[in-house]
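Visitor: Got a structure for you, questions after.
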Amino acid sequence: MKLQQLRYIWEVAHHNLNVSATAASLYTSQPGISKQIRLLEDELGVEIFTRSGKHLTRVTPTGQEILNIAGDILQQVESIKQLTQEYNSPESGSLAIATTHTQARYALPHVIQNFIDKYPRVALHMHQGTPIQISEKAADGTVDFAIATEALALFSDLIMMPCYRWNRCILVPRDHPLASVEQISLEDVAKHPLVTYVFGFTGRSKLDEAFAERNLTAKVVFTATDADVIKTYVRLGLGIGIVAHMAYDPDIDTDLVAIEAGHLFDSSVTSIGFRKGTYLRGYMYDFINGFAPHLTREVVDEVMAMPSKEAQEEFFKTLKLPTL
């Protein structure tokens, strides 16, 4: 059994069983990958993938268990590489982050700018996607960190650390009737068509829960993953917008009024997550701390040493999170 063979089966499984795409990503040949997979299966005496002709069709149950172990082995190999790089070149390397548009556009710019200023020899890569996609990328090691509000809790192999609380505001044109309401109610909101986030994005579940608890129906007429797109359609008169408060810029959005909505919806928490067993280099600790100052290296190490997710959750209940 060779490490290269384990990498091949892992990469094939994460390229939707497409051997050609895997070969292209690894800069090798398709026949070479297929041959090594067959040799590994012959050595182990089991099929890792089922086939239809020359095409792989699915991962077998035994193959899935093998892939899980292979993923752990490859992560340990990566940790060894990170450790030696930390020793040889502590201020150079790479950092891959997966996050949503809202975080990338509104919460991360100054953090990334400060990080690049401090670590100019670290190549920073940002991946954007849905919360599920973001979590999957962190869980399978494609990225180092996942930053999101929803879905991270679905992956038990991620260590998740809360960074900050945030809430929403309601956006309306300056001449809208709600702009003059002293304190808006959920009943006021329910009378108007709504433009907001796609379900599963940026705390959308909190919005739906608030309406359900009051037996109200939200008249959602348009959804998007991008707060800037939502604002565009509010300007067109499609409806009133409900977005993360951080997405409103009073210097840019001068034609819109942001109405406080913290009393209408429960606050949401944005977290940063990474795979258990990840070797964190010095600049990775610094990135976490730059994004969430309460997450010092000592706190992160303490959380990583905790035996269970429940213990981690209890620990974070003792920390006071900042509000963005």
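Visitor: Could you tell me which residue of segment 65-95 is modelled with the highest pLDDT, considering only residues that are charged (D, E, K, R) and touching a Lys or Arg at 6+ places or on another chain (Cβ under 8 Å)?
Guide: Step one: list which residues in segment 65-95 are charged (D, E, K, R), which gives 65, 72, 78, 81, 86, 91.
When the remaining residues are screened for being touching a Lys or Arg at 6+ places or on another chain (Cβ under 8 Å), the result is 86, 91.
Values: Glu86: 73, Glu91: 80.
Across segment 65-95, the extreme among qualifying residues is Glu91.
Visitor: Next question, about the same structure. Condition check: surrounded by fewer than 14 Cβ atoms within 10 Å (Cβ to Cβ) and over 17 Å from Gly53 (Cα atoms). Does Ser20 satisfy that?
Guide: On the way: surrounded by fewer than 14 Cβ atoms within 10 Å (Cβ to Cβ): yes; over 17 Å from Gly53 (Cα atoms): no.
For Ser20, the condition - surrounded by fewer than 14 Cβ atoms within 10 Å (Cβ to Cβ) and over 17 Å from Gly53 (Cα atoms) - is not met.
Visitor: Oh, and also: Hey, could you check segment 300-324 for residues that are of a type in the set (A, V, I, L, M) and touching a residue at least 24 places away in the same chain (Cβ under 8 Å) and say which is most open to solvent (accessible area, probe 1.4 Å)? Steps first, please.
Guide: First, the residues of segment 300-324 that are of a type in the set (A, V, I, L, M): 300, 303-306, 311, 319, 321, 324.
Then drop every residue that is not touching a residue at least 24 places away in the same chain (Cβ under 8 Å), which leaves 300, 303-304, 319, 321, 324.
Working: Val300: 1, Val303: 0, Met304: 57, Leu319: 52, Leu321: 25, Leu324: 99 Å².
Among them, the one singled out is Leu324.
Visitor: Out of segment 227-250, which residues are within 19 Å of Ala104 (Cα to Cα) and either of a type in the set (D, E, K, R) or in contact (Cβ under 8 Å) with a residue 40 or more places away in the chain (or both)?
Guide: Going residue by residue through segment 227-250, those that are within 19 Å of Ala104 (Cα to Cα) are 227-232, 242-250.
Ala227, Asp228, Ile230, Lys231, Ile242, Val243, Ala244, His245, Met246, Ala247, Tyr248, Asp249, listed by residue number.
Visitor: Could you list all residues from segment 83-95 that are surrounded by fewer than 17 Cβ atoms within 10 Å (Cβ to Cβ) and of a type outside the set (Val, Ile, Thr)? First the steps, then the outcome.
Guide: Narrowing segment 83-95 to residues surrounded by fewer than 17 Cβ atoms within 10 Å (Cβ to Cβ): 83-85, 87-92, 94.
Correct list: Leu83, Gln85, Tyr87, Asn88, Ser89, Pro90, Glu91, Ser92, Ser94.
Visitor: Restricting the search to segment 193-208, which residues are in contact (Cβ under 8 Å) with a residue 24 or more places away in the chain and either in a helix (DSSP H, G or I) or at negative phi (or both)?
Guide: Residues of segment 193-208 in contact (Cβ under 8 Å) with a residue 24 or more places away in the chain: 193-207.
The answer is Pro193, Leu194, Val195, Thr196, Tyr197, Val198, Phe199, Phe201, Arg204, Ser205, Lys206, Leu207.
Visitor: Looking at Val143, is it modelled with pLDDT of 90 or more, closer than 26 Å to Ala305 by Cα and either touching a strand residue (DSSP E or B) at 6+ places or on another chain (Cβ under 6 Å) or aromatic (Phe, Trp, Tyr) (or both)? Can you show your working first?
Guide: Numbers: modelled with pLDDT of 90 or more: yes; closer than 26 Å to Ala305 by Cα: yes; either touching a strand residue (DSSP E or B) at 6+ places or on another chain (Cβ under 6 Å) or aromatic (Phe, Trp, Tyr) (or both): yes.
Criteria met by Val143.
Visitor: Then there's this: When you scan segment 270-289, how many residues do you find that are in contact (Cβ under 8 Å) with a residue 40 or more places away in the chain and open to solvent by 40 Å² or more (accessible area, probe 1.4 Å)?
Guide: Within segment 270-289, residues that are in contact (Cβ under 8 Å) with a residue 40 or more places away in the chain and open to solvent by 40 Å² or more (accessible area, probe 1.4 Å) number 4.
Visitor: For Leu256, which of the numbered conditions (1) at pLDDT 90 or above; (2) closer than 24 Å to Leu158 by Cβ fails to hold?
Guide: Result: Leu256 fails condition (2) only.
Visitor: What residue, of Val269, Val234, Val243, is modelled with pLDDT of 95 or more and either within 23 Å of Arg204 (Cα to Cα) or in contact with a His (Cβ under 8 Å, 6 or more places away or on another chain) (or both)? Reasoning before the result, please.
Guide: Details: Val269 fails: modelled with pLDDT of 95 or more; Val243 fails: modelled with pLDDT of 95 or more.
Answer to the selection: Val234.
Visitor: Is segment 62-84 home to any residue that is in contact with a helix residue (DSSP H, G or I) (Cβ under 8 Å, 6 or more places away or on another chain), closer than 16 Å to Phe274 by Cβ and part of a helix (DSSP H, G or I)? Step through it out loud before you land on a result.
Guide: Applying the first criterion (in contact with a helix residue (DSSP H, G or I) (Cβ under 8 Å, 6 or more places away or on another chain)) to segment 62-84 yields 63, 66-67, 70-71, 73-74, 77.
Add one more test, that the residue is closer than 16 Å to Phe274 by Cβ, and what stays is 71, 74.
So of that shortlist, the ones also part of a helix (DSSP H, G or I) come out as 71, 74.
Yes, because at least one residue in segment 62-84 is in contact with a helix residue (DSSP H, G or I) (Cβ under 8 Å, 6 or more places away or on another chain), closer than 16 Å to Phe274 by Cβ and part of a helix (DSSP H, G or I).
Visitor: Residues Ile37, Ile66: which one is hydrophobic (A, V, I, L, M, F, W, C) and free of Cβ contacts under 8 Å to residues at least 40 places away in the same chain?
Guide: On the way: Ile66 fails: free of Cβ contacts under 8 Å to residues at least 40 places away in the same chain.
Within the list Ile37, Ile66, the selection yields Ile37.
Visitor: For segment 113-192, which strands (runs of 3 or more DSSP E) that fit wholly inside it have 3 or more residues that are within 30 Å of Gly239 (Cα to Cα) and within 26 Å of the chain's Cα centre (by Cα)? Give the steps one after another, and end with the answer.
Guide: Working: elements: 121-128, 145-148, 158-166, 168-173.
Strands (runs of 3 or more DSSP E) meeting the threshold: 158-166, 168-173.
Visitor: Next up: When the residues of segment 195-209 are narrowed to those that are among the hydrophobic types (A, V, I, L, M, F, W, C) and surrounded by 19 or more Cβ atoms within 10 Å (Cβ to Cβ), which ends up modelled with the lowest pLDDT? Talk me through it step by step, then tell me what you get.
Guide: To start, the set of residues in segment 195-209 that are among the hydrophobic types (A, V, I, L, M, F, W, C) comprises 195, 198-199, 201, 207.
Checking which are surrounded by 19 or more Cβ atoms within 10 Å (Cβ to Cβ) leaves us with 195, 201, 207.
Details: Val195: 93, Phe201: 68, Leu207: 82.
Here the residue is Phe201.
Visitor: Can you find a residue in segment 98-118 that is hydroxyl-bearing (Ser, Thr, Tyr), open to solvent by 10 Å² or more (accessible area, probe 1.4 Å) and within 20 Å of Glu260 (Cα to Cα)?
Guide: Scanning segment 98-118, I find at least one residue that is hydroxyl-bearing (Ser, Thr, Tyr), open to solvent by 10 Å² or more (accessible area, probe 1.4 Å) and within 20 Å of Glu260 (Cα to Cα), so the answer is yes.
Visitor: Within segment 226-244, track down each residue that is surrounded by fewer than 18 Cβ atoms within 10 Å (Cβ to Cβ) and within 24 Å of the chain's Cα centre (by Cα). Before the answer, list the steps.
Guide: Applying the first criterion (surrounded by fewer than 18 Cβ atoms within 10 Å (Cβ to Cβ)) to segment 226-244 yields 228-229, 232-233, 235-238.
Within segment 226-244, Asp228, Val229 qualify.
Visitor: Which ones in segment 25-50 are open to solvent by 70 Å² or more (accessible area, probe 1.4 Å) and in a helix (DSSP H, G or I)? Working first, answer last.
Guide: Going through segment 25-50, the residues open to solvent by 70 Å² or more (accessible area, probe 1.4 Å) turn out to be 27, 30-31, 35, 38-39, 42-43, 47.
If the condition is that a residue be open to solvent by 70 Å² or more (accessible area, probe 1.4 Å) and in a helix (DSSP H, G or I), then Gln30, Pro31, Lys35, Arg38, Leu39, Asp42, Glu43 are the ones that fit.
Results for (1) over 13 Å from Ser271 (Cα atoms); (2) not small (Gly, Ala, Ser), shown as yes or no for each residue.
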| position | (1), (2) |
| --- | --- |
| His127 | yes, yes |
| Ser135 | no, no |
| Phe145 | no, yes |
| Asp157 | yes, yes |
| Ile170 | yes, yes |
| Val181 | yes, yes |
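The values are calculated or read from the model by the stated rules, or taken from the named source; none is laboratory data. Because the structure is a prediction, the values reported are computed rather than measured. Positions of Cβ are generated from backbone atoms using ideal geometry, with glycine treated the same way; all protein chains shown enter the neighbour counts. Surface accessibility is based on the protein's heavy atoms, side chains included, excluding ligands, DNA and RNA. Shrake-Rupley method; radii C 1.70, N 1.55, O 1.52, S 1.80 Å.
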